[in-house]
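Got a structure for you, questions after.
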Amino acid sequence: MARGYHHGDLRATLVETSLTLIAEQGIGAFSVAEIARRAGVSQAAPYRHFADRDALLAAVAMAVADQLADRIRAAAAARDDPVGKLAAAFGAYTRYMIERRAGLHVIYADGLLGPKYAELHGHTRALMDELLTLSFAAAPDAQSGLALMEQLLAQAHGYATFYLDGVLETHGYSKDLVVEKSEEAARVVIRGRNSE
């Protein structure tokens with residue numbers, strides 16, 4: 001049950017409440033009315049800080065991009081070699097997606113791609129730069145690094161989606177095992193591409 005908003009930074013509360021709602025029910029459940037209800041404010045209150053639904057979603061997407069970048073950076077820093085760093089980064093993506101039900105599908109949600117959300121695009125670039133830097137370090141050249149990043153993102157997102165949709169649960173996979181499998185699959189792809 002939501003505790004409700006009493007004082008402090010309503011903007012930050014609305015973003016965090018949005019992240020919690022998405023983590024519980026997915027992006028399909030995202031609505032300003034439900035977020036206001038959970039935050040314990042009137043349905044009009046969010047519009048004092050956000051022009052419309054997409055503006056609130058853009059703020060949520062910025063938070064997702066920043067949190068993902070932090071998780072990826074920390075996971076990579078814990079490994080020594082470029083392949084290990086990159087695999088750990090995509091394992092971190094899978095784990096975050098499982099825990100928050102948020103990933104690139106939130107960052108690139110409909111309505112957020114235009115020039116209106118330039119600040120969001122800056123945060124998205126910072127996230128992608130983290131992944132590109134790690135991909136380039138593990139690949140023989142820039143073109144291979146870009147293709148590698150794209151493939152590993154799709155794979156990491158897919159593992160999380162299969163887990164969240166219950167596909168892997170039927171096999172008794174825990175969250176930790178799915179993350180482990182995501183990392184190992186990333187290593188296989190990296191080694192395979194580097195041996196071509």
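Looking only at residues that are aliphatic (A, V, I, L, M) and open to solvent by 30 Å² or more (accessible area, probe 1.4 Å) in region 1-10, which one is modelled with the lowest pLDDT? Please lay out each step first, then the result.
Here is the first cut: in region 1-10, the residues aliphatic (A, V, I, L, M) are 1-2, 10.
This time we only want the ones that are open to solvent by 30 Å² or more (accessible area, probe 1.4 Å), so: 1-2.
On the way: MET1: 37, ALA2: 44.
The qualifying residue modelled with the lowest pLDDT is MET1.
Results for (1) assigned to a loop (DSSP other than H, G, I, E, B); (2) farther than 21 Å from ASP9 by Cα; (3) modelled with pLDDT of 95 or more, shown as yes or no for each residue.
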{"residue": "GLY28", "(1), (2), (3)": "no, yes, no"}
{"residue": "PHE50", "(1), (2), (3)": "yes, no, yes"}
{"residue": "MET62", "(1), (2), (3)": "no, no, yes"}
{"residue": "ALA65", "(1), (2), (3)": "no, no, yes"}
{"residue": "LEU68", "(1), (2), (3)": "no, yes, yes"}
{"residue": "ILE72", "(1), (2), (3)": "no, yes, yes"}
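Checking VAL41 against (1) touching a residue at least 40 places away in the same chain (Cβ under 8 Å); (2) farther than 30 Å from LEU168 by Cβ; (3) buried (at least 17 other Cβ atoms within 10 Å of the Cβ); (4) not small (Gly, Ala, Ser), only one condition comes out false. Which one?
(1)
Same structure, new question: Restricting attention to region 120-158, which residues are hydrophobic (A, V, I, L, M, F, W, C), touching a Phe, Trp or Tyr at 6+ places or on another chain (Cβ under 9 Å) and without any contact (Cβ under 8 Å) to a residue 24 or more places away in the chain?
ALA142, LEU146, MET149
Let me ask another. Taking region 11-38 as the search range and keeping residues that are acidic (Asp, Glu) and farther than 16 Å from GLN67 by Cβ, which one is most open to solvent (accessible area, probe 1.4 Å)? First the steps, then the outcome.
We begin by selecting, within region 11-38, every residue acidic (Asp, Glu); these are 16, 24, 34.
Narrowing further to those that are farther than 16 Å from GLN67 by Cβ: 24, 34.
Numbers: GLU24: 101, GLU34: 46 Å².
Out of the qualifying residues, it is GLU24.
Here's a follow-up. Condition first: surrounded by 16 or more Cβ atoms within 10 Å (Cβ to Cβ) and without any contact (Cβ under 8 Å) to a residue 60 or more places away in the chain. Now tell me which residues in region 177-196 satisfy that.
Those that are surrounded by 16 or more Cβ atoms within 10 Å (Cβ to Cβ) and without any contact (Cβ under 8 Å) to a residue 60 or more places away in the chain: LYS181, ALA185, VAL189, ARG193.
Let me confirm something: among LEU177, LEU120, LEU104, which residue is farther than 25 Å from ALA51 by Cα and of a type in the set (A, V, I, L, M)?
On the way: LEU120 fails: farther than 25 Å from ALA51 by Cα; LEU104 fails: farther than 25 Å from ALA51 by Cα.
Of the residues listed, the single one that is farther than 25 Å from ALA51 by Cα and of a type in the set (A, V, I, L, M) is LEU177.
The values are calculated or read from the model by the stated rules, or taken from the named source; none is laboratory data. Since we're looking at a predicted model, the values are computed, not measured. Virtual Cβ from ideal backbone geometry, glycine too; neighbours counted across all protein chains shown. With ligands, DNA and RNA removed, areas are computed over all heavy atoms of the protein, side chains included. Shrake-Rupley method; radii C 1.70, N 1.55, O 1.52, S 1.80 Å.
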